[in-house]
Amino acid sequence: MTTTRRRLTPYLLLFPGAFWLIVFFVVPMYYMARLSLDSGSLETGFNFTWEWSNYGDALSLYGDPFLRAFEYAGAATVIALVIGYPLAYAIAFRGGKWKNAMLFAVIAPFFTTYLIRTIAWETILADQSPVTKTLDSVGLVPGGHVLATAGAVIAGITYNFLPFMVLPIYASLERIDPRLIEAGKDLYASSRAAFVRITLPLSAPGVIAGTLLTFIPAAGDYVNAFFLGGTNNKMIGNVIQGLYLTNRDYPAAAALSFVLMAVIMVIVFVYIRFAGSEALMGEEAVAR
Amino acid sequence: MEAGTAAAPTYVRRESALRRVWGWLREHAINIFAGLVIAYLLIPIAVIILFSFNDPVGKYNFTWVGFTLDHWKDVFSLSELNSALLTSLRLALFATVISTLIGTLMALALVRYQFFGRRTTNFLIVVPMATPEIVMGASLLSFFLILGTPSLGFNTLLIAHVMFCISFVVVVVRSRLIGFDRSLEEAAQDLGASPFQTFWRVTFPLIFPGILAAALLAFALSVDDFVVSNFNSGTTVTFPLYIFGAAQRGIPVEVNAVATILFTVTLVAMGFTVLQQRRAERLAARRPPQEGEDVLGTPPVPPAPGGAGG
């Protein structure tokens, strides 16, 4: 085997995949950016005219759904974290022989179609369902129904993305060496101190991954808002979908989509910088 | 010492029942909580299955009316549903084969070779997994619109599905490759096997469970995909797109039945893969392969009568 061939092998192996991803993932982003600067309409045809006003117009028209999307996604992420962390902890540390069954239960929802899962919530939260009636009798349903409210949409998003939160946290908790916790207890740490100062910081990478994997897709989601929300619960995803597929107003749709992507990237950057240093500090605290 | 023990009062505090209950709760609180969350995760699945047995009044399947097996008997009687389902399955099959092939090759390259651009490639693989589907779908649609070709339909769907499946295949196969013992390959090569033979007879059988798992994952992702498909399907209807379209008019109960079937099939497939994996691990851990056995511990074929030469 010649050295040249050996040096080429990885590139040959890599080529089909890299080609596919570059041509069908990276390049389309450029085309979307180009489309966002077009002017015209479906009848008159679209022309590339550096139409920056598309951005201004779209944002002023659709600022509300934009903010709402981040609100809902943010709320759902927080709730998913609050629900998901204890679950991940229980599976990792108290699972025992039930560990695999519990993990299985966490991913089981993914065996059903995303749409049907969400529609199942329409059934569960329907006005006549026992769940709604119970909540109503306790007084937790101000408007009279649960569906078509922000709460329903947030509940749907939380449900659909909960496994994305639980699994990364579980993975990082699983990796923690139990002897570290033992050592902490040997040094007179109470259970709570051991958790806060050892387990929690060590699980930080999992928490960061989980929150990102939940927040990012949730921000662009429109299925939950479509089925569980009302007319004033629309998220930016609904708008983009409507503009692309119903109105065929491609430039505006592309502009909004591009802004969504940009904002998410900024949020992720800031978050990683902030959370990265936190995790770093946490690890230092343990090492000290 | 003795004086001390004789005089020491017994300070055994009797824990009140309330304290005991509270203690028990505190210890098991997290398990109870986990149980509740798992119930929360599983309830909608139960609802889906339950409502496939419903006999709704009118077109909307939201209230429980009565138990019936009618919709199970006629589960494949709706032609639109059937063709959508078949389209989804066909699409998933093609997308799985292509993406698993491409993804496995990529994983091999990433794990086994140091090359220029390795970190960029890693990045390129992770980014699609973290991008909102709507951005992926919208940008692909923009791409197809501006280029004008291919026209939206099965082919664009296939392109899109392969695209988002590749990353997942790479990640799954890669994790399997990382734990791989290369000395087995070296041993094979020491015994005169060519690289091709080494790959087919040593490497491939051992990483096959990982490849299978990746393929199943790709298949499931493809059948389930809605957002990216919504944007790039043209007039082609996949199963999730059918449901979305039917949602306005009232989703037929047969859809719940089909969903239940898909759920069961996926469950069984997953269970099978897990069992396979356990079996392979157990075999690998048993003992080193004896003379004449292959790496998985399969016993040698007895020599043909009439004597084969040494």
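The residues in region B:96-124 that are more than 7 Å from chain A (Cβ to nearest Cβ) and assigned to a helix (DSSP H, G or I) can be counted, and the count is 16. Taking region B:234-252 as the range and being in contact with a Phe, Trp or Tyr (Cβ under 8 Å, 6 or more places away or on another chain), assigned to a helix (DSSP H, G or I) and either touching a residue at least 60 places away in the same chain (Cβ under 8 Å) or closer than 23 Å to A:Ser257 by Cα (or both) as the test, the residues that pass are B:Pro240, B:Leu241, B:Phe244. For region A:175-184, check the following and say yes or no: at least one residue is within 27 Å of the chain's Cα centre (by Cα) and crowded, with 20+ Cβ neighbours inside 10 Å. No: region A:175-184 contains no residue that is within 27 Å of the chain's Cα centre (by Cα) and crowded, with 20+ Cβ neighbours inside 10 Å.
Counting the residues of region A:242-252 that are surrounded by 24 or more Cβ atoms within 10 Å (Cβ to Cβ) and either at the interface with chain B (Cβ under 7 Å from one of its Cβ atoms) or assigned to a loop (DSSP other than H, G, I, E, B) (or both) gives 2. Condition test on B:Ala215, is it farther than 14 Å from B:Leu105 by Cα, under 26 Å from the mean Cα position of the chain (by Cα) and modelled with pLDDT of 90 or more? So B:Ala215 does not fit the description; no. The set of residues from region A:26-47 being free of Cβ contacts under 8 Å to residues at least 40 places away in the same chain and more than 9 Å from chain B (Cβ to nearest Cβ) comprises A:Glu43, A:Thr44, A:Gly45, A:Asn47. One residue stands out among those in region A:78-102 that are touching a Phe, Trp or Tyr at 6+ places or on another chain (Cβ under 7 Å) and either outside any helix (DSSP H, G or I) or more than 10 Å from every other protein chain (Cβ to nearest Cβ) (or both): the one that is surrounded by the most Cβ atoms within 10 Å (Cβ to Cβ), which is A:Ala80. In summary, B:Ile207 fulfils each of the numbered conditions (1) in contact with a Phe, Trp or Tyr (Cβ under 7 Å, 6 or more places away or on another chain); (2) within 30 Å of A:Asp249 (Cα to Cα); (3) away from every other protein chain (no Cβ under 11 Å) with the single exception of condition (2). Those residues that are surrounded by fewer than 16 Cβ atoms within 10 Å (Cβ to Cβ) and at pLDDT 90 or above, I need them from region B:95-123; list them, please. Within region B:95-123, just B:Val97 meets the criteria. With respect to the conditions (1) more than 16 Å from the chain's Cα centre (by Cα); (2) under 17 Å from A:Trp121 (Cβ atoms), A:Ala194 lacks only one, and its number is (2). Being out of contact with any helix residue (DSSP H, G or I) (no Cβ under 7 Å at 6 or more places or on another chain) and not in a loop (DSSP other than H, G, I, E, B) is a property that B:Phe231 lacks.
Restricting attention to region A:201-236, the residues being of a type in the set (D, E, K, R) and either part of a helix (DSSP H, G or I) or within 12 Å of another protein chain (Cβ to nearest Cβ) (or both) number 1. Within region A:88-100, residues that are of a type in the set (D, E, K, R) sit with their Cβ atoms under 7 Å from residues that are surrounded by 17 or more Cβ atoms within 10 Å (Cβ to Cβ), at 6+ positions apart or across chains, in these pairs: A:Lys99/A:Ile91.
Report whether or not B:Ala187 is crowded, with 21+ Cβ neighbours inside 10 Å and of a type in the set (A, V, I, L, M). Answer is no for this residue. Of the residues in region B:60-69, none is closer than 25 Å to B:Leu158 by Cβ and surrounded by fewer than 20 Cβ atoms within 10 Å (Cβ to Cβ). Within region B:125-143, being of a type outside the set (A, V, I, L, M, F, W, C), closer than 14 Å to A:Ala262 by Cα and more than 7 Å from every other protein chain (Cβ to nearest Cβ) holds for one residue alone: B:Thr131. Note on region B:76-94: among residues that are hydroxyl-bearing (Ser, Thr, Tyr) and within 18 Å of B:Ile159 (Cα to Cα), the one that is surrounded by the fewest Cβ atoms within 10 Å (Cβ to Cβ) is B:Thr87.
Helices (runs of 4 or more DSSP H) fully within region B:146-208 that include at least 1 residues being under 20 Å from the mean Cα position of the chain (by Cα) and either modelled with pLDDT under 85 or among the hydroxyl-bearing types (Ser, Thr, Tyr) (or both): B:154-178. Cβ-Cβ contacts under 7 Å between residues 6 or more apart (or on different chains), taken from a first residue in region A:183-211 that is touching a residue at least 40 places away in the same chain (Cβ under 8 Å) and at negative phi to a second residue that is surrounded by fewer than 20 Cβ atoms within 10 Å (Cβ to Cβ) and among the charged types (D, E, K, R), are listed as A:Pro201/A:Glu283; A:Ala204/A:Glu278. Screening the candidates A:Pro65, A:Pro28, A:Pro16 for the property of being in contact with a Lys or Arg (Cβ under 6 Å, 6 or more places away or on another chain), modelled with pLDDT of 85 or more, assigned to a helix (DSSP H, G or I) and buried (at least 16 other Cβ atoms within 10 Å of the Cβ) yields one hit, A:Pro65. Scanning region A:29-84 for residues that are over 27 Å from A:Ala209 (Cα atoms) and small (Gly, Ala, Ser) turns up A:Ala33, A:Ser36, A:Ser39, A:Gly40, A:Ser41, A:Gly45, A:Ser53, A:Gly56, A:Ala58, A:Ser60, A:Gly63.
The values are calculated or read from the model by the stated rules, or taken from the named source; none is laboratory data. In this text, all values refer to a predicted model and were calculated from it rather than measured experimentally. For neighbour counting, all protein chains shown are included, and Cβ atoms are generated from backbone atoms with ideal geometry for every residue, glycine included.
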